[in-house]
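Take a look at the structure set out below.
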């Protein structure tokens with residue numbers, strides 16, 4: 001049963017992605033909608049990042065994780081190397097958890 005569910009989800013995912021490629025020339029979108037698509041994608045990504053930064057399962061993740069994300073975002077905004085951003089964000093979260101913050 002589990003294998004059948006995995007196969008069905010895989011086939012469904014592949015079909016959805018293939019339909020986008022096949023229907024691209026047949027579907028005409030308005031100019032307004034075409035201008036809004038990149039903004040919608042950015043908003044969706046921001047919402048996903050915000051949810052992952054603030055929530056753990058169905059409750060608040062505590063202060064350490066959002067502080068680490070904020071430190072990483074600040075370093076990324078200042079154009080620090082990617083490895084520095086990741087290590088600094090993890091270090092800030094780890095040090096705050098070591099200090100007793102959840």
Matching entry among 71, 46 (being without any contact (Cβ under 8 Å) to a residue 24 or more places away in the chain and touching a helix residue (DSSP H, G or I) at 6+ places or on another chain (Cβ under 9 Å))
71
Going residue by residue through segment 10-24, is there one that turns out to be within 18 Å of the chain's Cα centre (by Cα) and in a helix (DSSP H, G or I)?
no
Of everything in segment 46-101, what is in contact with a strand residue (DSSP E or B) (Cβ under 8 Å, 6 or more places away or on another chain) and assigned to a helix (DSSP H, G or I)? Give them in sequence order.
54, 65
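Inspect segment 79-90 for any residue being modelled with pLDDT under 90 and touching a helix residue (DSSP H, G or I) at 6+ places or on another chain (Cβ under 6 Å) and give the result as yes or no.
Within segment 79-90 (the criterion being modelled with pLDDT under 90 and touching a helix residue (DSSP H, G or I) at 6+ places or on another chain (Cβ under 6 Å)), the answer is no, since none of the residues qualifies.
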Residue 61 in contact with a helix residue (DSSP H, G or I) (Cβ under 9 Å, 6 or more places away or on another chain) and at pLDDT below 90:
yes
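I'd like to know if segment 29-43 contains one or more residues that are assigned to a loop (DSSP other than H, G, I, E, B) and at pLDDT 90 or above.
First pass over segment 29-43, keeping only residues assigned to a loop (DSSP other than H, G, I, E, B): 29-30.
Narrowing further to those that are at pLDDT 90 or above: none.
Within segment 29-43 (the criterion being assigned to a loop (DSSP other than H, G, I, E, B) and at pLDDT 90 or above), the answer is no, since none of the residues qualifies.
The values are calculated or read from the model by the stated rules, or taken from the named source; none is laboratory data. Only a predicted model underlies this, so the values are computations on that prediction, with no experimental measurement involved. Positions of Cβ are backbone-derived with ideal geometry, glycine not excepted, and every protein chain shown enters the neighbour counts.
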